[in-house]
Amino acid sequence: MTYTLQKTEPSLRALADGLEFPEGPVALPDGSVVLVEIANGWLTRVTADGTRRQLVHLGAGPNGAAIGPGGKLFICNNGGFQWHRSAEHGLRPIGQANDYSGGRIEAVDLASGQVECLYTQSGSGPLKGPNDLVFDRHGGFWFTDHGKVRPREVDRGGVCYALADGSAIREAVFPLWSPNGIGLSPDEKTLYVAETFTGRLWAFDIGELGHILARPWPDSPNGGRLVCRLPGMQNIDSLAVDAEGNICLATLGEGGITVVSPAGQVLHRVELPDPMTTNICFGGKDLKTAFVTLSSTGRLVALDWPCPGLPLNFLNR
């Protein structure tokens with residue numbers, strides 16, 4: 001076991017600041033990190049020396065990102081948020097945008113900057129707030145639809161599976177409450193999904209391509225197995241899986257990274273100086289550098305990590 005059960009104060013390396021609610025970091029082999037700035041709609045590259053360059057303006061609310069087949073960057077666009085900024089707490093989303101344009105999945109050619117809209121709906125209806133995605137070894141991807149919050153109502157979310165060429169999409173899990181981070185176990189037999197507002201992490205057994213082996217009600221409300229519910233004020237945003245199969249959860253409220261085993265045991269906790277610690281990805285030598293977005297303060301930071309990240313399909317493999 002690589003981790004020790006303790007809270008740690010990390011030595012952070014600041015890579016970029018002044019970002020407009022960064023999320024979806026992808027650590028590229030050249031040492032740069034591509035991320036989205038949700039609040040201003042930009043796809044941005046941060047190089048190893050901290051140089052920042054805006055690549056493509058996607059508009060609305062670009063959210064999770066992942067490299068897929070052909071080296072394209074696939075984006076979950078949530079359709080847009082309203083925002084609140086304060087001197088004390090920084091920037092945060094507070095609900096569906098007044099000019100909400102609908103959720104969608106987009107593919108970006110990083111060489112040309114060309115953007116293609118792949119999906120705006122599944123067979124179950126329109127996408128409301130696509131949030132995060134992960135590619136399997138077959139070239140398809142699972143993604144969460146977080147839904148949207150309005151003053152007196154909230155969407156129930158779910159998980160979809162789709163092909164990278166835009167030819168097929170299906171809803172695989174429904175309902176979930178605010179599904180956000182998503183990842184695969186090293187053997188790709190288990191799909192992990194985090195719910196933000198419940199602080200719950202779910203595991204779903206994967207059957208044939210794009211399908212889960214659902215557990216029946218009342219054993220499960222959604223077909224999954226409850227891995228854990230984080231204590232205290234730890235809402236869960238995105239996640240990443242490490243090489244040992246543990247799940248690294250970016251947490252809101254009590255900002256930081258909480259590492260959980262597949263059995264639900266909390267192994268490690270890194271506290272970070274932002275109540276909206278939203279995403280973690282792995283890169284660098286041996287995938288032992290964690291890149292983390294501190295979103296309300298607009299920062300991308302890096303820190304050494306005790307366990308390598310799991311290599312991602314189409315990026316590290």
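The values are calculated or read from the model by the stated rules, or taken from the named source; none is laboratory data. Source: prediction; values computed, not measured. All Cβ positions, even for glycine, are placed from backbone atoms using ideal geometry, and neighbour counts span all protein chains on display. The protein model used for the area step is the full one, side chains on, heavy atoms only, and it has no ligands, DNA or RNA in it. Shrake-Rupley method; radii C 1.70, N 1.55, O 1.52, S 1.80 Å.
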Item checked: Assigned charges on the beta-carbon of Lys, Arg, Asp, Glu; the range 167-317 dipole about Cα centre (debye) -> 40 debye
Next item on the list: List the relative contact order of the range 225-317 as a percent without decimals, with contacts defined as Cα pairs under 8 Å and 6+ residues apart.
Entry: 22 percent
Check: When we measure straight from the Cα of K7, which lysines land under 26 angstrom away, once same-chain ones fewer than 8 places off are left out?
Finding: K285, K288
Next item on the list: Report Rg (one decimal) and Dmax (nearest whole number) for the range 12-304, counting Cα atoms only, units Å.
Entry: 17.3, 53
Notebook entry, point to check: Along the range 112-117, what does the Karplus equation 6.51 cos²θ - 1.76 cosθ + 1.60 (θ = phi - 60°) give for ³J(HN,Hα), rounded to whole Hz, x for Gly and Pro?
Noted result: 9, x, 5, 10, 10, 8
Margin query: Suppose all protein chains stay in the model; what accessible area per residue would a 1.4 Å probe give for the chain, in Å²?
Written below: 42 Å²
Note to self: Whole-Hz ³J(HN,Hα) for each residue in the range 266-277, computed from phi via Karplus 6.51 cos²θ - 1.76 cosθ + 1.60 with θ = phi - 60°, x for glycine and proline: what do you get?
What the structure shows: 6, 9, 6, 9, 10, 8, 10, x, 7, x, 10, 7
Notebook entry, point to check: Rounded to the nearest 20 Debye, what is the dipole magnitude of the range 12-304 about its Cα centre when Lys and Arg each give +1 and Asp and Glu each give -1 at the C-beta?
Noted result: 380 debye
Margin query: Could you check the spin-label model distance between E171 and D286? Points 7 Å from the Cα along Cα→Cβ, value in nm.
Written below: 4.5 nm
Check: Each residue of the range 89-103 in turn: what ³J(HN,Hα) in whole Hz from Karplus with 6.51, -1.76, 1.60 and θ = phi - 60°, glycine and Pro shown as x?
Finding: 10, x, 9, 8, x, 10, x, 5, 5, 5, 9, 3, 10, x, x
